[in-house]
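> Quick one: structure below, then a few questions.
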Amino acid sequence: MVQWTQMGETASVWPGRNWPLGATWTEASTNFAVYAPNATAMWLCLFDDEGGESRHQLTQQSLGIWHGALPDIAPGTRYGYRADGPWDPAAGHRFNVNKLLLDPFGLATSGTIENAPALFGYRWDAPDEMDTSDSAPVTARSVVVDPSFDWEGDSPMKRRWRDTVIYELHVKGFTKLHDRVPEHLRGTYAGLATPAVVDYLRDLGVTAVELLPVHQFFTEPAVLERGMVNYWGYNTMSFFAPEASYCSSGDRGQQVTEFKEMVKALHRAGIEVILDVVYNHTAEAGPKGPTLSFRGLDDKGFYKRVPGNGFDDTYWDVTGCGNTVDTWDDLALRLILDSLRYWVTEMHVDGFRFDLMSALTRTGTDIDFHCALLIAIGQDPVLRHVKLIAEPWDVSMDGYLVGRMPPPWVEWNDQFRDTIRDFWRGHADGVRTVATRLAGSSDLYADDGRSAYNSVNFITAHDGFTLRDLVSYDHKHNEANGEDNRDGSDNNRSWNHGVEGETDDPEVVALRRRQAANLMLTLCLSNGVPMITAGDERGRTQGGNNNPYCQDNEISWIDWRPDDAWLDLYEITKTALRLRREHTALRQRHWFEGSPTIAGGPRDLSWLHASGREMTDADWADTSLRGIGTFLSGAPLREPGPCGEQLIDSSFVLWCNASAEPLEITLPENEWVQRGEVVVSTDDAIPAGTHVKAGEDLTLGARTMLVVRSLNGL
């Protein structure tokens, strides 16, 4: 409380209020509120343009929240906190008034961190002792933001999952080398909103971009020591602030406005925005990491500890990053929920992909599908209706949850990735599991009432080989990362097709491009939600690096030059997505039943042997099979239209031959489809536009895929 010295005084810091947390600007005053229940004193620190600091003690505290208001604070003002309290690491208290702390609820961040001893709360030569050097010169500041913005009628798109095609991209890397984006906008939110980029995405046929982390993040000190940066951004420190380095116009709140402009531009083109969010850990790492925010405010409450008798200060880490956020803690839970709602209501994003979701689904240390976070999101009137994607694993043995996340969650399905990679490289054990993945992975999602769209199918992601590298390398080549090639997965399920890395051998190159097309077609036309990694449709390469998290350079950036691009792959991808968009038969919501949708009609789904008959039990058990056909009936579809009307679509036959030898196939004799047209093909001998008839024999080339559409009105 204020200690008056004489009558008639006026407090320089007004009482303010304890809600909302963060800095809330109005023309009259700015309210500051920060949660630090075990602190004994709190100072708000303001910084002028020259870096000068003025400190204002917050004397009001209620419910563990320190708060106060100051008049005449302009948007763009930089600030931070200094918290005093016990220095007792063994008890989980690391208060150090010498360390400037970011506001956990700050809406923008200015500056970055340096790899300097002052950034750490302890002395490097004596970790149990407090370091008394000032961290302000080597750390970032939070920024007061005016949140006003003219959305011009923009509203949530709420596209159905079955109509969704996700495109995973990095804000900077997507436009950094784009010659049609103005140079000063390359690598920024504004660059992503330019017509050249928006038109490309729309023409390709994607309906949503999934942005690698855009919450403010910092580079790990160990990476800075190697002269590198954290490029991917999975090292978050501020869950409300857009990454400032992606803004073309400044870091004093301009990043908030520029992000909103980007979202508005993408929405106008019919493209949703999904954020890859990292709530499972922070950039403060383990107990020996830097003191940036939470560690100096509520270290004991925010990070999970190893369970034991009494308090144990050993961090419990299932993220592989040194700490795990404790979502059972009231403040941590509130922060995540408030952050999610903020990005939906104020920034207009359409959904989230949760990094290492399993780490967040724990009560104590046990997986709990009734944990506070899942229950709260499922009950929230805002969050339960946005797109929610789980990366359903963490680094622990018990954290693999593929097929187990509750509604309304959908999941990254790595079993689709592994099965389809193995099939096309000739390592599949028959075609039984392949068929299951093509049809939507019913073994994972049907038993608990979920639909095929609960499977987000992918062949590649940011983490791992690109599609081109997947067919060009047997082994990872991560030497540039400075970790002696020890980092990155060794389980790539890749195949170099005879030569490691790039080659001028025309036969090898042709086979690689055909295999990449096979993988892309399989992804785009399988039941479920396809996710494409940015640049895969153009043959982007990372030179065999399967973990370029620290490569903010040409290794990671998309090369837009046509010289070495696989533009034939681009055309096939575009065609496949157009077919998916135009034909409901290729993106059905319900599970296939293998029975007619109308009396006397064909099965909704039939699996075909190369001989033209339906697959038998013996065929499914044949581990030597490398080819399979799929018949999808569109006459009529099982699901009615929006007014209950019967929907009629074309029927399709998809043939896949993953064998090293040509496959003699017979188009099935039937009474429903007599004629068809090849609409997309990776076999040069059977190009798109070729007409075929029921009962006709075809020779499907080695390692090729064929899609036939019915022509007789069915």
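> Which of rounded, prolate, oblate describes the stretch 569-648, given a ≥ b ≥ c as roots of the alpha-carbon gyration tensor eigenvalues and a/c under 1.5 marking rounded, otherwise prolate only if a/b is larger than b/c? Write down the numbers at each step before the final one.
On the way: a/c = 2.83, a/b = 1.25, b/c = 2.26.
Taking the square roots of the gyration eigenvalues as a ≥ b ≥ c, the stretch 569-648 is oblate.
> Something else about it: Taking a ≥ b ≥ c as the square roots of the eigenvalues of the Cα gyration tensor of the stretch 279-429, is the shape rounded (a/c under 1.5), prolate (a/b larger than b/c) or oblate?
Values: a/c = 1.94, a/b = 1.30, b/c = 1.49.
Taking the square roots of the gyration eigenvalues as a ≥ b ≥ c, the stretch 279-429 is oblate.
> What percent do you get for the relative contact order of the chain when only Cα pairs under 8 Å and 6+ apart count? Write out the running numbers ahead of the final one.
Details: 1646 pairs, mean separation 67.9, N = 714.
For the chain, the relative contact order is 10 percent.
> Give the residue list of trypsin sites (Lys or Arg not before Pro) in the stretch 406-492 that are DSSP loop and have at most 14 other beta-carbon atoms within 10 angstrom.
On the way: sites: 417, 421, 425, 432, 437, 450, 468, 476, 486; in loops: 425, 450, 476, 486.
Of the trypsin sites (Lys or Arg not before Pro), the ones in loops of the stretch 406-492 whose Cβ has at most 14 other Cβ atoms within 10 Å are 486.
> For the chain, what does -39500 (n - 2.57) per DSSP helix run (n ≥ 4), summed and divided by total residues, give at 222 nm, in deg cm²/dmol to the nearest 500? It would help to have the intermediate numbers written out before the result.
On the way: 15 runs with 138 residues, N = 714.
Taking each H run of at least 4 residues, the total per residue is -5500 deg cm²/dmol.
> First measure r as the distance between the Cβ atoms of residue 487 and residue 6, then evaluate 1/(1 + (r/R0)^6) with R0 = 60 Å and state the FRET efficiency to the nearest 0.05.
Values: r = 64 Å, r/R0 = 1.06.
So, using R0 = 60 Å, E works out to roughly 0.40.
> Which parts of the stretch 686-705 would a label at residue 660 reach, counting a residue when its backbone N lies under 14 Å from a point 7 Å out along Cα-to-Cβ?
Output list for this probe position: 702-703.
> Let me ask another. Tell me the carbon and sulfur percent of the accessible area for the stretch 515-662, rounded to whole percent, probe radius 1.4 Å. Intermediate values should be presented prior to the final figure.
Numbers: 2780 of 5430 Å².
Carbon plus sulfur share of accessible area: 51 percent.
> Also, quick follow-up: How high is the relative contact order of the stretch 635-714, given as a whole-number percent (alpha carbon pairs under 8 Å, six or more residues apart)? Could you put the intermediate results ahead of the total?
Values: 170 pairs, mean separation 31.2, N = 80.
Relative CO of the stretch 635-714 lands at 39 percent.
> Tell me, what is the 1.4 Å probe accessible area of residue 102, in Å² to the nearest 10?
Roll a 1.4 Å probe over it and residue 102 shows about 10 Å².
> Between rounded, prolate and oblate, where does the stretch 1-157 land on the alpha carbon gyration tensor, with a ≥ b ≥ c its root eigenvalues, rounded for a/c under 1.5, else prolate if a/b exceeds b/c?
Note, shape of the stretch 1-157 comes out oblate.
> Now for a separate question. Express in Å², to the nearest 10, the accessible area of residue 475 obtained by rolling a 1.4 Å probe over the protein heavy atoms while all chains stay in place.
120
> Next up: On the full set of protein chains, 1.4 Å probe, figure out the accessible area of residue 44 and give it in Å² to the nearest 10.
0
> Still on this model: With a probe of 1.4 Å, find how much accessible area the chain has per residue, and write the answer as a whole number in Å². Working shown, then result.
Working: 27130 Å² over 714 residues.
Dividing the accessible area of the chain by its residue count gives 38 Å².
The values are calculated or read from the model by the stated rules, or taken from the named source; none is laboratory data. Worth saying up front: this structure is predicted, and the values here are computed from it rather than measured. Methodologically, a virtual Cβ is constructed for each residue, glycine included, from the backbone with ideal geometry; neighbour enumeration extends over all protein chains shown. The protein model used for the area step is the full one, side chains on, heavy atoms only, and it has no ligands, DNA or RNA in it. Shrake-Rupley method; radii C 1.70, N 1.55, O 1.52, S 1.80 Å.
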